[in-house]
1. Looking at region A:62-119, which trypsin sites (Lys or Arg not before Pro) are in a loop (DSSP not H, G, I, E or B) and have at most 15 other Cβ atoms within 10 Å?
2. Plugging the Kirkwood radius over Cα pairs into Stokes-Einstein for region B:4-235, at a temperature of 37 °C and a viscosity of 0.692 mPa s, what D comes out in µm²/s?
3. Which whole-angstrom value gives the distance between the alpha carbon centres of region B:1-24 and region A:170-215?
4. Please give every one of the lysines within straight-line cross-link reach of A:Lys359, meaning a C-alpha to C-alpha distance under 21 Å, and leave out same-chain neighbours fewer than 8 residues apart.
5. Once label points are set 7 Å from the Cα along Cα→Cβ at both B:Val119 and B:Leu166, what is their separation, rounded to one decimal in nm?
6. Given the peptides B:140-153, A:342-355, B:208-221, arrange them by the average over their residues of other C-beta atoms within 10 Å, most packed first.
7. How much length is gained if the chain between A:Ser373 and A:Asp349 is pulled fully straight, taking 0.36 nm per residue apart and subtracting their Cα-Cα distance, in nm to one decimal?
8. Divide by every residue of chain A the summed helix terms, -39500 (n - 2.57) for each DSSP H run of at least 4, and state the resulting mean residue ellipticity at 222 nm, rounded to the nearest 500 deg cm²/dmol.
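What follows is calculated from the coordinates using simple rules that are stated; it is not laboratory data. Quick caveat, the model's predicted, so the values are computed rather than measured. Neighbour counts are summed over all protein chains in view; Cβ atoms, including those assigned to glycine, are modelled from backbone coordinates with ideal geometry.
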Amino acid sequence: MPFVSYREKNQDQNQTRGDTMKTGFWRNILAAMLLGAGGLANGAEPIKIGSFLTVTGPASFLGDPELKTLQMYVEAINAKGGINGHPLELIHYDTGGKAQDAVSFVKRLIRNDKVDMIVGGTTSGDTLAAIPEVEKESIPLISLAGGIEIVEPVKKWVFKVAHTDRMAAAKIFEDLRKRNLIKVALITGDGGFDKSGHEQLLKLAPQYGITIVADESYGNKDSDMTTQLTKIRGSDAQVIINFGFGQAPAIVTKNLKQLGITLPLYQSHGVASKTFIDLAGDAAEGVRLPAAALVVAEQLLDTDPQKPVLLAYKKLYEAKYGPVSTFGGHAYDGLYIAVGAIQRAGGTDKTKVRDEIEKTKGFIGTAGVFNMSPEDHMGLNLDAFKMVEIRNGGWKIVE
Amino acid sequence: MRLAGFYVFAVAIILLPILFQDNYFVTVVGISAGLHVILAVGLNLLMGYAGQISLGHAAFFGMGAYASGILTTRYAWPAPLAMFAGLTVVGLIAWLLARPILRLHGHYLAMATLGFGIVVHVIMVQATHWTGGPDGLSGIPTLDLFGWPVDSDLRWYAVVAAAMLLAIWLSLNLIDSRIGRALRAVHGSEFAAQMLGIDTGRTKTQVFVVSALFAAFAGSLFAHQQGFVSPDSFSLMVSVELVTMVVLGGMASTFGAACGAIALTLLHAGLVVFEDYEMLIHGALLMAVMIFMPQGLFVGLDQAVRRLLRRSGN
């Protein structure tokens, strides 16, 4: 109301003193601008979301789509007027995959940038390194990484949205049981993702009545795995599982074909991208892997509640940046779980936001339907993965 | 009078957190700058004064850090004891290594120390059972100094600042002693030094061990302060960065090394905001310093200030 009364008064003055019309006009503009700016500062302090991602370095194919997704949706949310009238502000740092940098960037986000919460940690290594700081400073963190150790045991302030390697292992074993393949040969790399997947496969095998008859490993930078595969050929394995991401799984796939080994091959969700099919070429035909629904969005039944979410994300992302990857999808899930929690909490009070994240129920994201609880800070179940097979250079759901 | 510079520096370090309370660049970046100063001052004893290059100093830093990390998390040792054990082990390894390695000169010495650094890094990555492998070791408890837990940024600043001042003070005194003069003689000409009756082998070994101990001490503090260590922090690149700090600041000057360490740490923290251009600006600045201040940042700035004073005097 003061705004209106000021203008009315000013207009009266202008009428009585016509010669100062011009100054009065500019004074009005100035006053309006000042008031406007003041109003903006009062009513809409930005909500600061911090992020630390691996945008460069060996895991950049994970972090790059994540950052693009975050930026795209923060912009979209702000275009619609922000959250409860507050614009979102994204502050992000690139760790380059160095865990130690993750620690210093998280400190920087908390102390220097004073963010309200953090979405990020592209890799498990980065996230695990940052957890002690996050717990100490009591700030909600939603990780985009896969490792089960992030939420097991449950940590008060830490949540995650990406599928775990244990889910991938379980999904593969489930499919093996259906096909009655019980003698398995493992071949894995020496990276963090590979090692953690390897561990989960060994741990879960007995539960599914599966015997590991061969267990080979390679270096992720190796350019030939025929030695290991020849050894596997010598075993009585019925099926081969390769757990890894990047170049190496493509080489394994190609080497198998070159050696004329016809055993069925399972890969992990780490290769659920078009790049893998391009790298492995013909040899990729018939390879099965657990993948997030995003890569097969069009094939989902129309009754699937995830379908519209996936197609909408895909459309928006592809219009701007090109083919989607499941990893960018994790950033979407993380951001919207955060936004939902802030909306429900009615502000950025850290404890309230944390409690609201924990109460996330039935949130339909790209990775699946999330139902968090005090015991489960991820909230996805095995249905979140689809078993897909590569056919004619594309993905096909085989369930 | 000899230590006048030191006292001025000490007062500045104490005043900083009082003037800038709760400032990220003082209480967080400042801690990492302080640790770098300890490392650079230690390396400078070896490189700047004795003229022996080491491209494997991150290994000693890492060994100190992992010794503290492993002993406190896996065996629940008290932190000071773990730190002492780490220092003993590193000192012993450095002593064993020094004799054969320091007989080498120039490129060969660089190669040998480089190799040592890589071997230690590989062990950190592969010995998963002990070190936690590439994912690192987390949950390292913070330091507890006789019932005074070092659990806030400000307390850590105090501890690291004290350690840093101690390192600088030790270095300044060492350089001004008989050993220091022997070191400089070795740097000038090893043969001439021998002719003067200096046991060059012993002198070089001593300084190598002292330098490694400085690094291990910084490593141990680093592990407790971060609560987490991973092999990334002790890679070859870190060794190279340490050498850069010493050279950038100005060789054969304790304050030069300290200056280089602080400048490089602040530069890194300050340039992060430029994202993709960070490395570009970083490289350009380093090149500019080396071209326009070939004797290093410290001497260069010192001369610039003097010139300015003289001009204003006229």
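1. Working: sites: A:Lys68, A:Lys80, A:Lys98, A:Lys107, A:Arg108, A:Arg111, A:Lys114; in loops: A:Lys80, A:Lys98, A:Lys114.
Passing both the DSSP loop test and the Cβ count: A:Lys80, A:Lys114.
2. Numbers: Rh = 18.4 Å.
Taking Rh from Cα pairs, D becomes 178 µm²/s.
3. Each part's Cα centre sits 59 Å from the other's.
4. A:Lys155, A:Lys156, A:Lys160, A:Lys350
5. Roughly 3.0 nm, to one decimal.
6. Numbers: B:140-153: 14.7, A:342-355: 16.6, B:208-221: 26.3.
Top to bottom by mean Cβ count within 10 Å: B:208-221, A:342-355, B:140-153.
7. On the way: separation 24, 0.36 × 24 = 8.64 nm, distance 1.96 nm.
Answer, rounded to one decimal: 6.7 nm.
8. Details: 13 runs with 183 residues, N = 399.
When only DSSP H runs of four or more count, the value is -15000 deg cm²/dmol.
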